[in-house]
Amino acid sequence: MLRGFAAFDTFLQQHPDFREKVTFIAHLQPSRTDVPEYAEYLERIEALVAVVNHRHGTTDWMPIDLRIYENFHEAVARYKHFDLLIVNSLFDGMNLVAKEAPAVNTRDGVVMLSENTGAHEELGDCTLSVNPFDIQEQADTMYRALTMDPEERRLRAARLRELARERDPGVWISEQLEDIRAKREAIAAAR
């Protein structure tokens, strides 16, 4: 999250014409709040958001709308209305939000997807790929997504919806289990 907020800060510095026109809505699910490292990370997030909001905000607009609570229905409602979904995980599993959100989105939203996510291999061609460690690349990609030609947005969004329908999580899990079985068989045969 920190790198995404830093990239948004850079984006607003380099493209001040977007001030008061875009809002980064960050809906975080509280997780492991009893673990000191997680609590510290949350404090760092809140501090960075405060800096970005102070630097770019106005009396009528805050650039980052940080929400930290669990509400599945509200999250799905946000999926329906995003213009840009940022999934910039460092290293992670499938990152199903990269499939779930485009499946219900009604605005031909663009997905900015870390090249390190599990979903990248499958979805990379219809998303905008980023290195999750490269703040400038993320800022540039935000600009590209928010200025993208409507027809390109439509084509990318349609392909993402198609992939979400074709390859649901059950298919992905079956493939993972098949890979495990094949690996076990290869190990057993080598003995």
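Each other residue within a Cβ distance under 15 Å of Asp108 adds +1 if Lys or Arg and -1 if Asp or Glu, for a net charge of +3. FRET efficiency for the Arg165 to Leu90 pair, using the beta carbon distance and R₀ = 35 Å, is estimated at 0.75.
For the chain, the mean residue ellipticity at 222 nm estimated from helices alone is -17500 deg cm²/dmol, where every DSSP H run of n ≥ 4 contributes -39500 (n - 2.57) and the total is divided by all residues, rounded to the nearest 500.
Between Val97 and Ala189, the C-beta separation translates, for a Förster distance of 22 Å, into a calculated FRET efficiency of about 0.05. Taking 28 Å as the straight-line reach from the Cα of Lys183, the lysines in range (excluding those fewer than 8 positions away in the same chain) are Lys99.
Label-to-label distance, Ile180 versus Leu28, with points set 7 angstrom from Cα along the beta-carbon direction: 3.1 nm.
Within segment 16-104, the trypsin sites (Lys or Arg not before Pro) that combine a DSSP coil assignment with at most 14 other C-beta atoms in a 10 angstrom radius are Arg19, Lys21, Arg32. Note on Ala47 and Asp149: their simple-model spin labels are 4.5 nm apart, each label 7 Å out from Cα toward Cβ.
Stretching Lys80 away from Ile68 to a fully extended chain increases their span by 2.4 nm, per 0.36 nm per residue minus the current alpha-carbon distance.
Each Cα pair under 8 Å and six or more residues apart adds its separation to the average, and for the chain the resulting relative contact order is 20 percent.
Just want to confirm a number: the relative contact order over segment 92-191, from Cα pairs under 8 angstrom separated by 6+ residues, in percent.
Details: 89 pairs, mean separation 28.6, N = 100.
Rounded, it is 29 percent for segment 92-191.
As a proxy for reagent exposure, ranking Asp168, Asp9, Asp140, Asp60 by other Cβ atoms within 10 Å from fewest up yields Asp60, Asp168, Asp140, Asp9. The loop-placed GluC sites (Glu not before Pro) in segment 1-77, going by DSSP, that have at most 16 neighbouring Cβ atoms within 10 Å of their Cβ come out as Glu20, Glu70. Here Ile45, Ile64 are placed in order of increasing Cβ neighbour count within 10 Å, fewest first, which gives Ile45, Ile64.
Candidate values (i) 44, 36, 31; (ii) 53, 38, 27; (iii) 68, 46, 32 were compared with Cα extents along the principal axes in Å computed on the shown model; the agreeing label is (iii).
Helix 2-14 and the long axis of the chain differ in direction by around 40°, with both axes built from C-alpha atoms.
For Tyr69, Tyr38, the sequence from fewest to most other C-beta atoms within 10 Å is Tyr69, Tyr38.
Bear in mind these aren't lab numbers, they're just calculated from the coordinates by the rules spelled out. Just so it is clear, the structure is predicted and the values come from calculations on it, not from any experiment. Positions of Cβ are backbone-derived with ideal geometry, glycine not excepted, and every protein chain shown enters the neighbour counts.
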